[in-house]
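Below is one structure, written out as structure tokens, with a few remarks after it.
The values are calculated or read from the model by the stated rules, or taken from the named source; none is laboratory data. Please read all numbers here as calculations on a predicted model, not as lab measurements. FYI the Cβ positions are ideal-geometry reconstructions off the backbone, even for glycines, and counts take in every protein chain you see. Ligands, DNA and RNA are stripped out before the accessible areas are found, and what is left, the full protein with its side chains, is counted by its heavy atoms. Shrake-Rupley method; radii C 1.70, N 1.55, O 1.52, S 1.80 Å.
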Amino acid sequence: MRVSADRERCVGSGQCELLAPDVFEVDDDGAVRVLVPEPGEEERDAVRDAVAQCPTGALAVSG
Ligand code: SF4
């Protein structure tokens with residue numbers, strides 16, 4: 001699984017950080033940062049939830 005984020009679309013709402021705090025962080029600029037671009041199997045469900053619940057569609061996964 002590979003995770004990407006479009007910081008231009010992110011509004012800093014923080015759902016992704018709440019759902020997968022080991023993978024996503026909202027930085028001091030108020031935009032998401034992907035901490036672990038290739039998270040392991042144990043993060044898969046949390047990352048998929050985060051992608052689904054992002055209000056702006058800023059997150060994507062592949063693989
Ligand atoms: S859920 Fe989406 S809009 Fe909210 S901080 Fe994460 S990437 Fe940004």
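Of the strands (runs of 3 or more DSSP E) lying entirely inside the chain, the ones with 3 or more residues being in contact with an Asp or Glu (Cβ under 8 Å, 6 or more places away or on another chain) are found at 24-26. Looking at (1) more than 10 Å from the ligand (Cβ to nearest atom); (2) among the small types (Gly, Ala, Ser); (3) open to solvent by 40 Å² or more (accessible area, probe 1.4 Å); (4) at pLDDT 95 or above, can you tell me which one residue 63 breaks? Checking residue 63 against (1) more than 10 Å from the ligand (Cβ to nearest atom); (2) among the small types (Gly, Ala, Ser); (3) open to solvent by 40 Å² or more (accessible area, probe 1.4 Å); (4) at pLDDT 95 or above, the one that fails is (4).
In region 52-63, the residues that are on the phi < 0 side of the Ramachandran plot form Cβ pairs under 7 Å with partners that are near the ligand (Cβ under 7 Å from one of its atoms) and of a type in the set (S, T, N, Q), at six or more places apart or across chains, as follows: 53/15; 54/15; 55/13. Within region 23-34, the residues that satisfy the criterion of being more than 12 Å from residue 4 (Cβ to Cβ) and open to solvent by less than 80 Å² (accessible area, probe 1.4 Å) are 25, 26, 27, 30, 31.
Looking at region 13-22, which of the residues that are open to solvent by less than 30 Å² (accessible area, probe 1.4 Å) and more than 13 Å from residue 60 (Cα to Cα) is farthest from the ligand (Cβ to nearest atom)? Among those residues, the one meeting the criterion is 20.
If I filter region 35-52 for residues that are open to solvent by 60 Å² or more (accessible area, probe 1.4 Å), more than 10 Å from the ligand (Cβ to nearest atom) and in contact with a helix residue (DSSP H, G or I) (Cβ under 8 Å, 6 or more places away or on another chain), do I get at least one hit? Within region 35-52, one or more residues are open to solvent by 60 Å² or more (accessible area, probe 1.4 Å), more than 10 Å from the ligand (Cβ to nearest atom) and in contact with a helix residue (DSSP H, G or I) (Cβ under 8 Å, 6 or more places away or on another chain). Taking region 1-32 as the range and being under 15 Å from residue 48 (Cα atoms) and of a type in the set (Ser, Thr, Tyr) as the test, only 4 passes. On inspection, residue 11 fails the criterion of being touching a strand residue (DSSP E or B) at 6+ places or on another chain (Cβ under 8 Å) and touching a residue at least 12 places away in the same chain (Cβ under 8 Å).
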